[in-house]
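The values are calculated or read from the model by the stated rules, or taken from the named source; none is laboratory data. Just so it is clear, the model here is predicted, and its values are computed rather than measured. Every residue, glycine as well, gets a Cβ built from its backbone with ideal geometry; the counts of neighbours run over all protein chains shown.
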Amino acid sequence: MERGNHSTVTEFILLGLSSDPKMQVLLFQLFLSMYLVTLAGNLLLIVAVRTDLRLHTSMYFFLTHLSFLDICYTSIVVPKMLVDFLALKKIISFRGCVAQIFLYIFLGGSECVLLAFMAFDRFVAICNPLRYSRIMNKMACIKMATVSWMTGCIISSVDVFFICRLTYCGPNIINHFFCEALSLHHLSCGVLYLNNIVILVGDSILLLIPLFLILFSYIHIIAAIVRIRSNRGRYKVFSTCASHLIIVTLFYGTAMFSYMRPGHRHSTEATDKFASVVYIIATPMINPLIYSLRNKDVQGALRRLRRCSVIM
């Protein structure tokens with residue numbers, strides 16, 4: 001596929017996580033297991049929340065969107081990676097690579113914004129409980145979820161537009177296990193100045209702005225917890241947002257390590273691949289486990305769902 005009669009690259013070769021055949025088989029088994037757990041856990045959480053009227057609140061509304069995002073997010077990378085573990089050549093077409101980049105930024109960016117709105121939901125619930133039902137009403141939640149999806153889609157569309165304007169003359173080897181925007185930039189033989197600005201702005205919108213909202217929310221939450229006199233009351237309040245805080249730490253910690261640290265645009269270290277594994281594969285897998293293990297309401301919904309399935 002030619003791009004403006006300048007690009008000669010029609011496909012890319014992914015180096016993956018390992019070139020050792022035995023290690024690739026082990027990695028295939030590991031990531032297949034993790035992917036199946038991710039699908040089962042998130043689907044079960046969505047069904048449990050949707051079928052239990054007790055969980056039809058804003059907190060669990062956002063949680064179902066998070067689970068659906070996690071399913072889609074990990075599905076754009078893992079199935080292709082599993083195929084590549086068993087393939088002699090790890091090849092992806094130019095169009096396939098661009099499509100993967102678009103979906104990766106779209107879904108990852110949407111999750112960043114959604115996590116910020118989930119933090120805001122906890123902030124209102126803890127710091128302004130009397131107005132919680134009025135502020136976080138059904139329509140407000142739908143609007144926040146829509147903003148999350150739309151923001152990811154818009155930033156992703158802009159990034160992909162500028163990626164497609166670049167010239168790719170070779171080589172066509174990507175030192176990663178999936179098509180990632182910065183890895184593709186390294187292969188371009190065109191001028192990257194404008195693209196670098198676009199990526200910097202996109203990273204700031206999808207990572208820094210939601211992170212500031214999360215920090216703002218949790219600073220006020222911590223201040224509210226400190227004012228509570230009883231230790232039991234402090235624990236009860238903090239437990240309502242502990243699961244979200246764990247997920248934010250995992251997701252944002254590894255994402256910012258990959259994209260916001262100095263020199264990251266020229267790094268091809270194994271640590272970058274490990275960080276990508278954490279926020280693309282590991283975090284979506286443990287999200288439903290964290291919420292199930294730490295949340296009695298979700299545990300109750302899962303028990304009721306299991307009893308219903310046994311009766312049927």
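Screening Leu26 against (1) closer than 22 Å to Val277 by Cβ; (2) surrounded by fewer than 20 Cβ atoms within 10 Å (Cβ to Cβ); (3) touching a residue at least 40 places away in the same chain (Cβ under 8 Å) leaves a single unmet condition, (3). Residues in region 48-80 that are surrounded by fewer than 16 Cβ atoms within 10 Å (Cβ to Cβ) and either over 19 Å from the mean Cα position of the chain (by Cα) or touching a residue at least 60 places away in the same chain (Cβ under 8 Å) (or both): Arg50, Thr51, Leu53, Arg54, His56.
Here's the yes/no breakdown for (1) more than 17 Å from the chain's Cα centre (by Cα); (2) under 24 Å from Leu103 (Cα atoms); (3) acidic (Asp, Glu):
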{"position": "Ile174", "(1), (2), (3)": "yes, yes, no"}
{"position": "Phe212", "(1), (2), (3)": "yes, no, no"}
{"position": "Asn231", "(1), (2), (3)": "yes, no, no"}
{"position": "Ser243", "(1), (2), (3)": "no, no, no"}
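Please indicate, with yes or no, whether at least one residue in region 54-61 is of a type in the set (A, V, I, L, M) and either touching a His at 6+ places or on another chain (Cβ under 9 Å) or under 19 Å from Thr146 (Cα atoms) (or both). Scanning region 54-61, I find at least one residue that is of a type in the set (A, V, I, L, M) and either touching a His at 6+ places or on another chain (Cβ under 9 Å) or under 19 Å from Thr146 (Cα atoms) (or both), so the answer is yes.
Within region 63-74, is there a residue that is touching a strand residue (DSSP E or B) at 6+ places or on another chain (Cβ under 8 Å) and more than 26 Å from Gly233 (Cβ to Cβ)? No, because not a single residue in region 63-74 is touching a strand residue (DSSP E or B) at 6+ places or on another chain (Cβ under 8 Å) and more than 26 Å from Gly233 (Cβ to Cβ). Before we move on, is Lys273 out of contact with any helix residue (DSSP H, G or I) (no Cβ under 6 Å at 6 or more places or on another chain), modelled with pLDDT of 75 or more, surrounded by 12 or more Cβ atoms within 10 Å (Cβ to Cβ) and basic (Lys, Arg)? Yes, satisfied.
In the set (1) in contact (Cβ under 8 Å) with a residue 40 or more places away in the chain; (2) more than 21 Å from Ile71 (Cα to Cα), the condition left unmet by Met118 is number (2).
Is it true that some residue in region 110-119 is modelled with pLDDT of 90 or more and more than 22 Å from the chain's Cα centre (by Cα)? No, that holds for no residue.
In the condition set (1) over 23 Å from Gly300 (Cα atoms); (2) surrounded by 13 or more Cβ atoms within 10 Å (Cβ to Cβ); (3) at pLDDT 85 or above, Ser7 is compliant with all but (3). Based on what the data block shows, is Lys80 within 30 Å of Asp159 (Cα to Cα), of a type outside the set (A, V, I, L, M) and not in a helix (DSSP H, G or I)? Judged against the criteria, Lys80 is not a match. Restricting the search to helices (runs of 4 or more DSSP H) fully inside region 132-222 and requiring at least 1 residues that are over 16 Å from Tyr104 (Cβ atoms) and in contact with a strand residue (DSSP E or B) (Cβ under 9 Å, 6 or more places away or on another chain) gives 181-186.
Within region 81-118, restricting attention to residues that are aliphatic (A, V, I, L, M) and more than 23 Å from Trp149 (Cβ to Cβ), the residue that is surrounded by the fewest Cβ atoms within 10 Å (Cβ to Cβ) is Leu88. Checking Ile228 against (1) in contact with a helix residue (DSSP H, G or I) (Cβ under 6 Å, 6 or more places away or on another chain); (2) surrounded by 16 or more Cβ atoms within 10 Å (Cβ to Cβ); (3) free of Cβ contacts under 8 Å to residues at least 40 places away in the same chain, which single condition isn't satisfied? Exception for Ile228: condition (2). In region 240-255, the residues that are assigned to a helix (DSSP H, G or I) and at pLDDT 80 or above form Cβ pairs under 6 Å with partners that are surrounded by 20 or more Cβ atoms within 10 Å (Cβ to Cβ) and hydroxyl-bearing (Ser, Thr, Tyr), at six or more places apart or across chains, as follows: Leu250/Thr283; Phe251/Tyr279; Phe251/Thr283.
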